[in-house]
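The values are calculated or read from the model by the stated rules, or taken from the named source; none is laboratory data. Just so it is clear, the model here is predicted, and its values are computed rather than measured. Because the Cβ atoms are built from the backbone with ideal geometry, glycine has one as well, and the counts that use them run over all protein chains shown. The protein model used for the area step is the full one, side chains on, heavy atoms only, and it has no ligands, DNA or RNA in it. Shrake-Rupley method; radii C 1.70, N 1.55, O 1.52, S 1.80 Å.
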Amino acid sequence: EYIYSVALDEGFRVSPTCSSDAHGPKGWGYDKFPGKTVIMATEKSKEALHDAILNNRMYATTTGNVQLFYTVNGQTAPTTLNNEGEYRFHVEIGYFRLGEPDTHVKKCKVITDKGIELLELATTSDVLDFTVHAPDSHYFYLCLSDEKGRKTWSCPVWTGKPFAKKKEKALSPIAKDGMKVFDRISEEEVPQ
């Protein structure tokens, strides 16, 4: 979550992904890590999946069970809005597998620049409508949690507010005069 916010703060157009760091013969598979990266493609084809990924139509869920759809000011996420300062959210939550109530969303947070939480809602509903006043925000994303603390991170929505241009540091080549290179095993100098 921290890295996601940092990337968005830098102006990168990215969406979250969910993967496991489990290894070994007993560490693979759905039972070890149920998280998913959900790619919202129009069909199951290479072209449609590629288009969805390039256009940030994806989100991450550690329960592996949350179906998420949301709009801001009537536009489907991910999108770039007109910088209005007032943002109306409509969130619809569904589930891939019914009958698993412990994966149902209990909390919804709206996150903005620098990972700041603008709003937190407790919910038992699968439809949320709310408004956020945030004239200085560059982006939003949702962080949903179930009763066990498992999370779902939405794709972002950019507010249309331009990012400040960063000063680029001038890079200069390193002078190689006087440098020596050594082989780590033999500890002998390697000619350049």
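Data table
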{"item": "Residue in the range 16-27 that is farther than 19 Å from residue 151 by Cα and modelled with pLDDT of 90 or more present", "result": "no"}
{"item": "Residue 95 being closer than 13 Å to residue 152 by Cβ and within 15 Å of the chain's Cα centre (by Cα)", "result": "no"}
{"item": "Meets criteria (surrounded by fewer than 21 Cβ atoms within 10 Å (Cβ to Cβ), closer than 30 Å to residue 68 by Cα and of a type in the set (Phe, Trp, Tyr)) for residue 130", "result": "yes"}
{"item": "Residue 99 being without any contact (Cβ under 8 Å) to a residue 12 or more places away in the chain, open to solvent by 60 Å² or more (accessible area, probe 1.4 Å) and either of a type in the set (Gly, Ala, Ser) or more than 21 Å from residue 12 (Cα to Cα) (or both)", "result": "yes"}
{"item": "The range 110-129, residues that are under 27 Å from residue 3 (Cα atoms) and either in contact (Cβ under 8 Å) with a residue 60 or more places away in the chain or in contact with a Phe, Trp or Tyr (Cβ under 9 Å, 6 or more places away or on another chain) (or both)", "result": "110, 111, 112, 113, 114, 115, 118, 119, 121, 128"}
{"item": "Only one of 62, 80 that is open to solvent by 20 Å² or more (accessible area, probe 1.4 Å) and touching a Phe, Trp or Tyr at 6+ places or on another chain (Cβ under 7 Å)", "result": "80"}
{"item": "Residues of the range 133-162 satisfying the condition of being free of Cβ contacts under 8 Å to residues at least 40 places away in the same chain and open to solvent by 50 Å² or more (accessible area, probe 1.4 Å)", "result": "136, 162"}
{"item": "Close pairs (6 angstrom Cβ cut-off, 6 or more residues apart or separate chains): open to solvent by 100 Å² or more (accessible area, probe 1.4 Å) in the range 165-192, in a loop (DSSP other than H, G, I, E, B) and of a type in the set (Lys, Arg) anywhere", "result": "189/180"}
{"item": "Only one of 117, 47 that is outside any loop (DSSP other than H, G, I, E, B) and more than 30 Å from residue 166 (Cβ to Cβ)", "result": "47"}
